Ligand code: NAD
C-alpha cells in the first residue's frame, strides 16, 4: 500500500535484502506496525542476491540506513560483511536482521526467538521438556539453537541423509560442546531410522516439523508415518503457515494434540526485528488483522 504522505526528510529506512524479494510479507507487516505506532520509519524490499551483497552493504553504510532484514540467499554470506553478531546469531551461523548502531552493523537471528515466542504465546511451557525436531536447514538450525538457549532439556534432531544432514551434526555438536551451560542434550538420527523416530517422538513433549514437507509440491505429505505414535498430551508444531493446516497438523488434531502452525513464528520473529530496530513492541494483533 502506498504511504508516501508519511515520508519526510527524517524518515528512517529499513531494507530487505533477498532474491527473490517481491513475494515477502515483511514490507506490509513492518509498514503496518510503523503506521499504527506513528513511527517515522519506512520498510522497502530490495532484490539483492549474493553477487550484489557486498556493494549493497557498502551503500547501506554510506547512506547510514537504520537496519535491514536479510533472507535467502544472503543469510550466511552476510556474516563476514558485518561488524558484530549477537551470541545467538554467532551460534546459529546465520543472520536475518541487521541494525546500524552508530555505523556498526550488528547481526541478529530472530527466527528461533520467533518460534519459541509462538510456543509461549500459545501457553506452552517448554522449559525442561524434550523436543523432537524434523529438519536441519536454516529455520531448523535457528529453532534448535534457540530452544537450547531457552531451556529445552533434550532435543532429538532427525534429518534425511541429504546435504543438510551435516548441519544436524553441527547443531548437536554446538549444543553439546559450546553450550554446556544450558545443560541441554542434543542427539542426531537419520530420518530413515523409523524405529528410532517412533521412540523419540513417543517420548517427546513437543514435535516440530521444520522441513519443507507439507507445503508447495510436498503439500499433503507428512514425515510422521503413523499418527498412533502421538498421544493427546503432546504439542505438535509445524513452521509451515501455508497451508495453515499441514498433513502433520491434521494427523495431530485427529489424535487430540494441541497444534501450532508457522504463522506465530513468522509474526513473532518480525516483532523481535521490530524491537531491535525501533526499541518498541510491535502491535502484533493489529498487524495480524491487517495482513493475514
Ligand atoms: P532449508 O532449505 O534451509 O531446509 C530444508 C529442510 O527440509 C532440510 O532439513 C531438508 O533436509 C528438509 N527436506 C526438504 N525436503 C524434504 C523431504 N522431501 N523429506 C524430508 N526432508 C526434507 O529451508 P528452511 O529455510 O529451513 O525452511 C524450511 C521450511 O520452514 C519451509 O517450509 C519454510 O517455508 C518454513 N519456514 C517458516 C518460517 C516461519 O516464519 N514460519 C521461517 C522460515 C522457514
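Each reported figure results from applying straightforward, stated rules to the coordinates on display, with no laboratory input. All values reported here derive from a predicted model rather than from experimental measurement. Cβ: placed from backbone, ideal geometry, glycine included. Neighbour counts: every protein chain shown.
Normalised radius of gyration for segment 1-134, please: alpha carbon Rg relative to 2.2 N^0.38 Å, two decimal places.
Values: Rg = 16.3 Å, N = 134, 2.2 N^0.38 = 14.1 Å.
In units of the 2.2 N^0.38 Å rule of thumb, it is 1.15.
Checking the a/c ratio against 1.5 first, then a/b against b/c, what shape does the Cα gyration tensor give for segment 146-292? Don't skip to the answer; put the middle values down first.
Working: a/c = 1.78, a/b = 1.18, b/c = 1.51.
Oblate shape, in that a/c is at least 1.5 and b/c is the bigger or equal ratio.
With the Cα gyration tensor of segment 1-76 giving a ≥ b ≥ c as the square roots of its eigenvalues, does the rule (a/c under 1.5 for rounded; else a/b larger than b/c for prolate; else oblate) give rounded, prolate or oblate? Mind showing how you got there, number by number?
Details: a/c = 2.51, a/b = 1.50, b/c = 1.68.
In terms of gyration-tensor shape, oblate.
Enter the angle in degrees (range 0 to 90, nearest 10) between the Cα long axis of helix 138-149 and the first principal axis of the Cα atoms of the chain, meaning the one along which they spread out most.
Compared with the principal axis, the helix lies near 80 degrees.
Rg to Rh for the chain: what is it, with Cα atoms only and Rh by Kirkwood? Provide the component values of the computation, followed by the final result.
Values: Rg = 19.3 Å, Rh = 19.7 Å.
Radius of gyration over Kirkwood radius for the chain works out to 0.98.
Can you give the relative contact order of the chain as a percent, counting alpha carbon pairs under 8 Å and 6+ residues apart?
Details: 567 pairs, mean separation 45.8, N = 292.
Worked out over the chain, it gives 16 percent.
Could you state the principal axis extents of the C-alpha atoms in segment 46-204, from the largest down, to the nearest angstrom?
On the principal axes, segment 46-204 reaches 55, 32, 29 Å in Cα extent.
Between 89, 195, 32, which gets the highest mean-square fluctuation from a Gaussian network model of the chain, Cα cutoff 10 Å?
195
By DSSP, what percent of the beta bridges with both residues in the chain are antiparallel, rounded to the nearest 5? Display every interim value, and only then the final one.
Numbers: 8 of 43 bridges.
The antiparallel fraction comes to roughly 20 percent.
Could you compute the FRET efficiency for residue 289 and residue 253, with r as their C-beta to C-beta distance and R0 at 30 Å, rounded to 0.05?
Working: r = 24 Å, r/R0 = 0.81.
Working from the Cβ atoms, E equals 0.80.
Rounded to the nearest 500 deg cm²/dmol, what is the calculated helix-only ellipticity per residue at 222 nm for the chain, with -39500 (n - 2.57) per DSSP H run of length n ≥ 4?
Result for the chain: -11000 deg cm²/dmol, rounded to the nearest 500.
Output the Cα-based Rg and Dmax of segment 88-166 in Å, rounding Rg to one decimal and Dmax to a whole number.
Gyration radius and largest Cα-Cα distance of segment 88-166: 13.9, 44 Å.
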